[in-house]
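Values quoted throughout were computed directly from the atomic coordinates according to the rules given, and no laboratory measurement underlies them. Nothing here was measured: the structure is a model prediction, and the numbers come from that model. Note that each Cβ is placed from the backbone with ideal geometry, even for glycine, and that neighbours are counted across all protein chains shown.
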Amino acid sequence: MNDDAPETDRSHRIWTGVRAAGVIAIVFLLGVVFSSRIRRVGNQDHYPPELRKFEEVLRLVDRTYVDAPDDSLMIEGAIEGMLRELDPHSVYIPPQEQERVQERFNGEFSGIGIQFEIRDDLLTVVSPIPGTPADRMGLRAGDRIVKIDGVSAIGITNDQVFKRLRGPEGSTVTITVQRPGREDDPFDLKLTRGKIPIHSIQASFMLQDGKTGYIMVSQFTAVTEDEFEAALEDLEKQGMKRLILDLRGNSGGYRAMAREVADKFIKGGNVILTTRGRARGASDTLWASDQETRPRLPLVVLVNRGSASASEIVAGAIQDLDRGLILGSSTFGKGLVQLPFELRDGSVVRITISRWYTPSGRCVQRPYDEGIGEYYEEALGMNDALVDSENVSQLAPHHISTKRLDSGDEQKYFTRTGRVVYGGHGITPDKRIEAGTLSRYGTKLVRERVLIDFANAMADTIRKPWMPFPRFRDEWEPSARQRQALIDFAEKQGIPYDSAGWSEDRDYLLNQVKGELGQRLYNGREYLWQILISQDPLVDSAVVAMPEADSLANARPLRENG
């Protein structure tokens, strides 16, 4: 074969297509670096040497690679590789993924309104979302959807569920439902799709002491500020005198929404965060206002290694301004701000445009110079807790410590009252309370979904509540017979009984079963969270710390103390 043979028609096509789409995309992404060096003379583009090298490699691959290469995959791979060299958070998002991302942060989509999971190849309703078509038509937790528009849904995947149940607002879909206890009598429901909210407030309720409110924020989306204010007002009507704000597992979201949440507790005129970047508009200062502010409400914020970005903005502002106490384990450490740029095909590149800084001037970004793999391994490795992916409640006993974690940024920063804080490795809590771990036996029961499956089997037998929820939450516990049934159920799933592991983890495991059962029987996910939080040691620690948080918020600033 002659290596100097002329290019084929396909080669001509790749350079009218790839050069017009791929190389232009590369030029766009590198524009920050090369903008002053890319110019047009007549009809000829003059690229800097780096881009000519990229074009050369594309030509060589097209001419010589053993199989016909996929143009699109090569270009997308080049984009992803280029962004990976910048930092861990500058990323490329393909069009289909971007639609899902945008839905989540917009706070709504069009569908029927269920939280679901695939159990034993069956599409199972975890909980209907209140006020949605599914809720109005009477779907219940535990219902199994076996057909969609007459086509079997057995063996369906998550992506297929989205495609078949979602659709334009006002369109209809018919589902065939198999209800526990009526397996031999499936029935059809015709639902009209509507706007379905994606709530950022996962739970909001009063603790049993009658004065402590609890709010869990799972992400910062376009609807967070409105939902958060509504939750605060509702809790105040119920007599809330102090608040626990749970940001564990909250990976972030919109910076503006983080500012709005922090602003609920901080007096006007205080800086919440600043950003610094070299592009126009990348540097900014976000201030607190006096609108809807509760500057004296005692506040404790819960964080863990899964708390990142916007969550750290809130925690950092509360800590630096001594507005409340931060409890838990050190946060993720994401101090970079990304701006999304939409490309012609609907894909998006999110490029880091600035770093953000807390009111004291610290940046929480962890180092990433050892590579992205090491960066995320460190994030996972420093979280000693085994946390169920569904539930952010902490596990087992907690170890309380005030010792500072080692930080890569040894420069000291000072809070409003003169307390020392550090940057460079996330937010270190005021009271570091590390979550414990489960035994191997308990870990297997969680990971193999034995607790969830056992609770669902119980719910299928019980079918409906036999007491009001507050009594169930406060009084009911699995009987000795039911505990043994759980052990036997696990053995049938291939997990042999371990008496030491059972003794160590029993309270946690049984509370998980109780939470899942409560969710099914009372038909709502909020009941799950009320049960889990009632046995959460970190929440108990937050209640104990409330007087200290109150004193801190009312302490005089350092300059007033001389």
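Numbers at a glance
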read-out	value
Footprinting exposure proxy for 302, 245, 438 (fewest neighbouring C-beta atoms within 10 Å first)	438, 245, 302
Loop-resident sites, segment 72-135, for GluC sites (Glu not before Pro), counting at most 12 other Cβ within 10 Å (DSSP)	85
Subset of 237/431; 211/431; 431/514; 237/264 violating a 24 Å alpha-carbon distance limit	237/431; 431/514
Extension reserve of the residue 122-residue 279 stretch, reckoned as 0.36 nm per residue once the Cα distance is removed	51.5 nm
Net charge dipole size for segment 108-197 [Lys, Arg +1 and Asp, Glu -1 on Cβ; Debye, nearest 20]	240 debye
Taking 364, 61 and counting other C-beta atoms within 10 Å, the order from fewest to most	61, 364
Segment 94-166: Rg to Rh, with Rh as the Kirkwood radius over Cα pairs	0.97
Share of pairwise Cα separations in segment 160-251, more than 22 Å, in percent	54 percent
For segment 430-562, alpha-carbon Rg relative to the globular expectation (2.2 N^0.38 Å, N residues)	1.38
Inter-probe distance in nm under a simple model that places probes 7 Å from Cα toward Cβ, at residue 238 and residue 70	5.0 nm
Extended-chain gain in nm, criterion 0.36 nm per residue less alpha-carbon gap, residue 209 and residue 443	81.1 nm
143, 290 arranged by Cβ crowding within 10 Å, fewest neighbours leading	290, 143
Fully extended contour minus Cα-Cα distance, from residue 479 to residue 59, at 0.36 nm per residue	144.1 nm
Cut-off 15 Å (backbone N to label point 7 Å along Cα→Cβ of residue 341), residues of segment 80-112	80-87, 90-93
Hydrodynamic radius (Kirkwood) for the chain, which is based on Cα pairs only, to one decimal in Å	26.6 Å
Charge-dipole axis of the chain as Lys and Arg at +1 and Asp and Glu at -1 on Cβ define it, positive-most pick from 107, 357, 181	357
Relative contact order (%) - criterion: Cα under 8 Å, at least six apart; region: segment 440-540	39 percent
Residue-count net charge about residue 102 - beta-carbon cut-off 13 Å; Lys, Arg +1, Asp, Glu -1	-2
Proximal lysines to residue 190, defined as alpha-carbon separation beneath 23 angstrom and excluding residues fewer than eight positions away on the same chain	147, 163
